[in-house]
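Enquirer: One structure follows; several queries about it will come next.
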Amino acid sequence: MEKNPIRTGIFGGTFNPIHLGHLALANYLCEENWVDELWFLITPQNPFKQEQTLLDNHLRMKMVEAAIADYPRFKASDFEFTLPRPSYTVTTLQKLSETYPDREFVLIIGADNWAAFDKWKSPEEILRNHRILVYPRPGYEINPHELPAQVKAVNTPLLEISSTFIRESIASGKDIRYFLHPEVYRFIKQHQLYNK
Ligand code: ATP
């Protein structure tokens, strides 16, 4: 008998750094059984776009690994590090599916991204091949009745934290440890990241 594919959520971002908002959302999607596993897909630096505040790919990857080490349903993925840049979601999903044929990749995006989804590269192709879970973002209403069948709005609890807030707070000398996984906070302090 054929085995069911492992439903693998793809949650992409810069994770600069990963914070409890990201982790709580991902944890909810796993435990409420929307996916079997969830991969944090770390967006690499764009060689054509120098972003001063965007930390080195491997440091951001290390922080994700530190945050998820003891939760078996999460994985940190550097899959996009070796793809031609900028990597389009349609291509990343296609390559992931080729590389891991035993998995079904489910795209996880915020309501803000869903609102602009028709401007992405090849949105029809993404929809043809993948299911999408849309989580709420403040200021973006979703009408579940207007969504295509393969797109589901998931009413996840939200923690209003942003990486920008974390970086700015650390740079101004604030101790915001409770917004981060303790291992991520420790890593940031140990490597003196995000200081001015
Ligand atoms: P920055 O402030 O650096 O822009 P961010 O936390 O908004 O960072 P990313 O690290 O790229 O952004 O986040 C990855 C994805 O997680 C994004 O698509 C974003 O919509 C989502 N996200 C960001 N913050 C939260 C949060 N508090 N709760 C749930 N999802 C979030």
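Enquirer: Restricting to the stretch 173-196, and then to whatever is more than 20 Å from Ala67 (Cα to Cα) and touching a residue at least 12 places away in the same chain (Cβ under 8 Å), can you tell me which residue is surrounded by the fewest Cβ atoms within 10 Å (Cβ to Cβ)? Please lay out each step first, then the result.
Expert: First, pick out the residues of the stretch 173-196 that are more than 20 Å from Ala67 (Cα to Cα): 173-174, 195-196.
This time we only want the ones that are touching a residue at least 12 places away in the same chain (Cβ under 8 Å), so: 195-196.
On the way: Asn195: 11, Lys196: 6.
Residue satisfying both the conditions and the ranking: Lys196.
Enquirer: Would you mind finding the one in Leu54, Leu25 that is surrounded by fewer than 22 Cβ atoms within 10 Å (Cβ to Cβ), assigned to a loop (DSSP other than H, G, I, E, B) and not polar (S, T, N, Q)? Quick ask: steps written out before the conclusion?
Expert: On the way: Leu25 fails: assigned to a loop (DSSP other than H, G, I, E, B).
Only one candidate qualifies: Leu54.
Enquirer: Still on this structure, please answer the following. Among Ile170, Ile109, Ile166, which is the only one that is more than 20 Å from the chain's Cα centre (by Cα), closer than 21 Å to Arg60 by Cα, crowded, with 18+ Cβ neighbours inside 10 Å and within 15 Å of the ligand (Cβ to nearest atom)?
Expert: Working: Ile109 fails: more than 20 Å from the chain's Cα centre (by Cα); Ile166 fails: more than 20 Å from the chain's Cα centre (by Cα).
Only one candidate passes the filter, namely Ile170.
Enquirer: Would you mind stating whether Leu23 is at negative phi and within 13 Å of the ligand (Cβ to nearest atom)?
Expert: Spelling it out, Leu23 is indeed at negative phi and within 13 Å of the ligand (Cβ to nearest atom).
Enquirer: Quick one: which residue in Pro148, Pro144 is under 16 Å from Gly110 (Cβ atoms) and surrounded by fewer than 14 Cβ atoms within 10 Å (Cβ to Cβ)? Can you show your working first?
Expert: Details: Pro148 fails: under 16 Å from Gly110 (Cβ atoms).
None of the other options fit; the residue is Pro144.
Enquirer: How many residues does the stretch 57-77 contain that are surrounded by fewer than 15 Cβ atoms within 10 Å (Cβ to Cβ) and in contact with a helix residue (DSSP H, G or I) (Cβ under 8 Å, 6 or more places away or on another chain)?
Expert: Summing the residues that are surrounded by fewer than 15 Cβ atoms within 10 Å (Cβ to Cβ) and in contact with a helix residue (DSSP H, G or I) (Cβ under 8 Å, 6 or more places away or on another chain) in the stretch 57-77 gives 2.
Enquirer: Now for a different question. Touching a Phe, Trp or Tyr at 6+ places or on another chain (Cβ under 7 Å) and among the charged types (D, E, K, R): which single residue out of Asp112, Asp102 fits that description?
Expert: Numbers: Asp102 fails: touching a Phe, Trp or Tyr at 6+ places or on another chain (Cβ under 7 Å).
Being touching a Phe, Trp or Tyr at 6+ places or on another chain (Cβ under 7 Å) and among the charged types (D, E, K, R) holds for just one of Asp112, Asp102, which is Asp112.
Enquirer: Note down all Cβ pairs under 7 Å where the first residue falls in the stretch 19-34 and is more than 15 Å from Ile109 (Cβ to Cβ) and modelled with pLDDT of 95 or more, the second is away from the ligand (no atom under 14 Å from the Cβ) and among the charged types (D, E, K, R), and they're at least six residues apart or on different chains.
Expert: Cys30/Arg73
Enquirer: Of the conditions (1) in contact with a strand residue (DSSP E or B) (Cβ under 8 Å, 6 or more places away or on another chain); (2) away from the ligand (no atom under 16 Å from the Cβ), Pro148 satisfies every one except a single condition; which number is it?
Expert: (1)
Enquirer: Restricting attention to the stretch 57-74, which residues are in a helix (DSSP H, G or I), of a type outside the set (A, V, I, L, M) and either touching a strand residue (DSSP E or B) at 6+ places or on another chain (Cβ under 7 Å) or on the phi > 0 side of the Ramachandran plot (or both)? Before you say what the answer is, go through the steps one by one.
Expert: Going residue by residue through the stretch 57-74, those that are in a helix (DSSP H, G or I) are 57-68.
So of that shortlist, the ones also of a type outside the set (A, V, I, L, M) come out as 57-58, 60, 62, 65.
Asn57, Arg60, Glu65, listed by residue number.
Enquirer: Under the condition of being surrounded by 15 or more Cβ atoms within 10 Å (Cβ to Cβ) and closer than 16 Å to Arg60 by Cα, which residue from the stretch 79-96 is farthest from the chain's Cα centre (by Cα)?
Expert: Phe81
Enquirer: Please identify the pairs in which a residue from the stretch 96-125 that is free of Cβ contacts under 8 Å to residues at least 40 places away in the same chain has its Cβ atom under 6 Å from the Cβ atom of a residue that is part of a loop (DSSP other than H, G, I, E, B) and surrounded by fewer than 18 Cβ atoms within 10 Å (Cβ to Cβ), counting only partners at least 6 apart or on another chain.
Expert: Final answer for the pair search is Lys121/Tyr88.
Enquirer: Give the stretch 30-45 a look and list any residue that's more than 22 Å from Glu168 (Cα to Cα) and either over 12 Å from the mean Cα position of the chain (by Cα) or within 8 Å of the ligand (Cβ to nearest atom) (or both), or say none. Don't jump to the end; show me each part of the working.
Expert: The first filter runs over the stretch 30-45 and keeps only residues more than 22 Å from Glu168 (Cα to Cα), leaving 30-41.
Answer for the stretch 30-45, where residues must be more than 22 Å from Glu168 (Cα to Cα) and either over 12 Å from the mean Cα position of the chain (by Cα) or within 8 Å of the ligand (Cβ to nearest atom) (or both): Cys30, Glu31, Glu32, Asn33, Trp34, Val35, Asp36, Glu37.
The values are calculated or read from the model by the stated rules, or taken from the named source; none is laboratory data. Model, not experiment: these values are computed from the prediction. Virtual Cβ from ideal backbone geometry, glycine too; neighbours counted across all protein chains shown.
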